[in-house]
1. Using 7 Å Cα-to-Cβ label points, what is the residue 30/residue 45 separation (nm, one decimal)?
2. State, to one decimal in nm, how far the label point of residue 7 lies from the label point of residue 52, with both points 7 Å from Cα in the Cβ direction.
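Every read-out reported here was derived from the displayed coordinates using simple, explicitly stated rules and does not represent laboratory data. Just so we're clear, the structure is a prediction, and the values are computed from it rather than from any experiment. Here the Cβ positions follow ideal geometry from the backbone for every residue, glycine too, while neighbour counts run over all protein chains shown.
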Amino acid sequence: MKPYLFSLGAGLLVGIIYSLLNVRSPAPPVIALVGLLGILIGEQLPPLVKHLWQREAVTISWVRTHVKPHVFGELPKAMPTARTDPEQRS
C-alpha cells in the first residue's frame with residue numbers, strides 16, 4: 001500500500017508545482033481515464049455472462065478471483081523482514 005501512497009503524494013506535489021508555474025499537466029484528461037475504466041470493466045462482462053449462462057451462481061469468491069485481480073491489479077505484499085535472534089550471535 002505504501003507505493004500507492006507515495007505515488008499519490010508525488011503526483012500531488014508535481015501537480016502543485018505545475019500549478020505554481022502555470023503549466024498544464026501532460027496527464028490524460030479525466031474522460032480518457034473513465035474510458036480506460038470502462039474498458040477494464042467491459043473485459044469482465046463476457047466471462048460474467050458466460051458464467052451466468054452456464055447457470056452457475058456468481059459468488060463473492062468468483063468476483064475476488066476473476067474480476068478484482070484484473071481490474072485493480074495485484075496489490076503489493078509486505079516483504080518478510082529478517083529477524084535476528086540475539087541468542088544466535090557469536
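1. Computed distance between label sites residue 30 and residue 45 equals 2.3 nm.
2. 3.1
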